[in-house]
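The values are calculated or read from the model by the stated rules, or taken from the named source; none is laboratory data. If you're wondering where the values come from, they're calculated on a predicted model, not measured in any experiment. Cβ placement follows ideal geometry from the backbone for every residue including glycine, while neighbour counts extend to all protein chains displayed. Note: areas computed on protein heavy atoms with side chains; ligands, DNA, RNA excluded. Shrake-Rupley method; radii C 1.70, N 1.55, O 1.52, S 1.80 Å.
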Amino acid sequence: MVPGLEIAIIAVLIYYLLLFFWNTRAMDLVFGLFTFLILYTFSRWFYLPVLQKLMLYFVNVAVIALLIIFQPELRLALSRLNFKSKKYREATEFDKFLDSISQSIYKMADKRVGALIVLENQDSLDEFANKAVLLNSQFSPELLESIFITTTPLHDGAVIIRDTKILSAATILPLADDSSQLSKSMGTRHRAGLGISQITDALVIVVSEETGKVSIAREGIMTRGVKVDRFKGVVRSVFTPPQINTESQFDIVGQIKKWIRNH
């Protein structure tokens with residue numbers, strides 16, 4: 001019974017390890033780790049003490065080096081253990097924002113206006129925004145669409161949105177190291193969107209000026225050709241608004257009784 005339980009626990013751990021690092025640069029680290037374990041097992045079976053000792057020395061140095069090299073991927077994997085999502089204060093404010101940004105994005109898609117939009121989640125994007133053109137303006141479809149008009153100086157780069165405000169424009173984002181999941185029709189805009197999604201928990205929207213398709217990148221995975229209904233569903237799943245308790249807002253008698261008890 002106990003060996004079966006151990007096997008089940010190890011299988012679950014391996015599954016979540018692969019789930020965390022799949023389609024990321026750290027996946028090479030996982031394959032290398034498995035290769036190392038296999039080689040170490042063979043060295044023990046065939047009693048190769050010198051090889052075992054060399055491998056142990058290598059591990060002592062490699063662990064620290066790998067933690068430094070793959071820090072972004074490890075941080076992303078650990079962040080997936082956090083089931084919290086950024087909350088909006090009122091459902092009506094969230095719904096209004098979602099309808100506005102959806103209308104704006106798909107309007108640009110119909111006109112084949114290229115756009116790169118980053119919705120900040122838990123991880124702060126200040127390090128990228130501070131190097132761009134800071135706007136800190138209340139979101140509006142007109143403002144967002146005017147930024148990405150090709151005749152404006154702000155259309156190159158990304159727009160970062162924090163809550164319901166446009167934080168910055170013309171933002172330079174890091175490019176994805178592994179762009180194997182991108183097709184030939186996807187250019188620098190898609191690669192930058194994929195890159196920022198690999199190192200942060202942001203939700204990235206890319207509008208292709210070549211095809212007019214809307215793509216979403218999150219956690220290092222890009223989904224292409226997202227329709228408006230699915231787009232709204234994805235945004236809602238990431239930025240879940242809190243439920244408003246209307247009964248407590250209008251329970252005046254209860255609030256008076258609570259005030260009397262406290263005083």
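Assuming R0 = 35 Å, can you tell me the calculated FRET efficiency for the pair residue 45 and residue 223, based on Cβ-Cβ distance, to the nearest 0.05? Before the final figure, lay out the partial values.
Values: r = 45 Å, r/R0 = 1.28.
Efficiency computed from Cβ-Cβ geometry: 0.20.
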Open item on the list: With θ taken as phi - 60° and the coefficients 6.51, -1.76 and 1.60, list the Karplus ³J(HN,Hα) couplings across segment 5-13 in order, rounded to whole Hz; mark glycine and proline as x.
Closed with: 5, 4, 5, 5, 5, 5, 4, 5, 4
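Would you mind telling me the share, in percent, of accessible area of segment 90-132 contributed by carbon and sulfur at probe 1.4 angstrom? Don't skip to the end; give the middle numbers.
Numbers: 850 of 2050 Å².
Carbon-and-sulfur percentage of accessible area, whole number: 41.
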TODO: Compute the Cα gyration tensor for segment 132-172, then decide on rounded, prolate or oblate, letting a ≥ b ≥ c be the square roots of its eigenvalues: rounded whenever a/c is under 1.5, prolate when a/b is larger than b/c in the other cases, and oblate in all that remain.
DONE: oblate
Open item on the list: Give me the 1.4 Å probe accessible area per residue for segment 135-197, excluding ligands and nucleic acids, in Å².
Closed with: 46
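Under a 1.4 angstrom probe, counting protein chains only, how are 53, 96, 107, 232 ranked by accessible area, largest first?
Details: 53 120, 96 145, 107 90, 232 60 Å².
I get 96, 53, 107, 232, largest accessible area first.
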Task: Cα→Cβ-extended label distance, 7 Å offset, between residue 237 and residue 55, nm - done: 4.0
Task: Note, ³J(HN,Hα) from phi for segment 116-126, Karplus 6.51, -1.76, 1.60, rounded to Hz, x at Gly and Pro - done: 9, 10, 10, 9, 5, 10, 6, 6, 6, 10, 4
Task: Inter-label distance, nm, simple model (7 Å from Cα along the C-beta direction), residue 6/residue 142 - done: 6.9
Task: Per-residue SASA entry for residue 223, accessible area with 1.4 Å probe, Å² rounded to 10 - done: 50
Task: Entries of 111/131; 131/232; 131/165 with Cα pairs more than 26 Å apart - done: 111/131; 131/232
Open item on the list: Quick query: amide H of residue 203 versus all other amide H atoms, modeled in the peptide plane; which residues come in under 5 Å with a sequence gap of 5 or more or a different chain?
Closed with: 119, 121
